[in-house]
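Presented below is the structure to which this report refers.
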Amino acid sequence: MKKIFLIPTAIVTALSFVLISCADTSATSSGEMVISQDSLVKRGKYLVNIIGCDDCHSPKIFTDHGFEIDMEHRFSGHLANSPMGRANTSVMKDGYILFANDLTSAVGPWGQSYSANISSDETGIGSWTEEQFFRAIREGKSKGLKEGRPLLPPMPWFIYKNMSDPDLKAIFAYLKTSKPVENRVPGPKSLQELK
């Protein structure tokens, strides 16, 4: 009887070792999947395109087909040298918010804000750490700095903060591979400065 019991036990033990040695090693001990940098960047590209980063962070040009992204300045934010007319703040008393003609600047009760450069250039997020990127999105901090001023409207960080860590990592990885566009975006203006 002991021999019959030992044989199945030995078979189960041997099979266990085989299964463990053939196990998929693409998962870490914390249970997270490890994906290649290329896959991470591809996922980031997909996410950036569906959540509308270009809507505010890329200047637009007007063509026969309407607005198109200025690919030469993609992700550069509000171009520092772009001419801006004086904002008519009187319409805000009726609850309106104004956008610049390329959609990279907005005027509202907070004053005037300019879309940040999120290209891989040093004037954008080129020198940022992943931690800074997470802080900017999760806590709404300018440049992802602990003591940074709050991000201003229309940046919907309070919505994007709900994205998963893997998705934010992917977006950051993709933006770090974007074409670097040198552009120092101007600082925001208070409502008083606009009057």
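The values are calculated or read from the model by the stated rules, or taken from the named source; none is laboratory data. The shown structure was predicted, so the numbers you read here are calculated from the model rather than taken from an experiment. Note that each Cβ is placed from the backbone with ideal geometry, even for glycine, and that neighbours are counted across all protein chains shown.
Can you give me the number of residues within the stretch 45-76 that are within 17 Å of GLY124 (Cα to Cα) and in contact with a helix residue (DSSP H, G or I) (Cβ under 9 Å, 6 or more places away or on another chain)?
Of the residues in that region, 8 qualify.
For LEU191, indicate whether it is in contact with a Phe, Trp or Tyr (Cβ under 9 Å, 6 or more places away or on another chain), over 22 Å from ARG74 (Cα atoms) and aliphatic (A, V, I, L, M).
Taking the combined requirement at face value, the residue satisfies it.
Considering only the stretch 164-191, state which residues are part of a helix (DSSP H, G or I), more than 18 Å from ARG149 (Cα to Cα) and in contact (Cβ under 8 Å) with a residue 60 or more places away in the chain.
PRO166, ASP167, LYS169, ALA170, ILE171, PHE172, ALA173, TYR174, LEU175
Name the pairs whose Cβ atoms lie under 7 Å apart, with the first residue in the stretch 112-130 and without any contact (Cβ under 8 Å) to a residue 60 or more places away in the chain and surrounded by 23 or more Cβ atoms within 10 Å (Cβ to Cβ), the second outside any loop (DSSP other than H, G, I, E, B) and of a type in the set (A, V, I, L, M), and 6 or more positions between them or separate chains?
ILE125/LEU175
Taking into account only those residues within the stretch 36-78 that are surrounded by fewer than 17 Cβ atoms within 10 Å (Cβ to Cβ) and among the polar types (S, T, N, Q), which is nearest to TYR114 (Cα to Cα)?
So the residue we want is ASN49.
So, GLY126, is that one at pLDDT 95 or above, small (Gly, Ala, Ser) and in contact with a helix residue (DSSP H, G or I) (Cβ under 7 Å, 6 or more places away or on another chain) or not?
No, not satisfied.
Listed residues ASN81, ASN88; which is surrounded by fewer than 14 Cβ atoms within 10 Å (Cβ to Cβ), under 25 Å from the mean Cα position of the chain (by Cα) and at pLDDT below 95?
Just a single option satisfies the conditions, and that option is ASN81.
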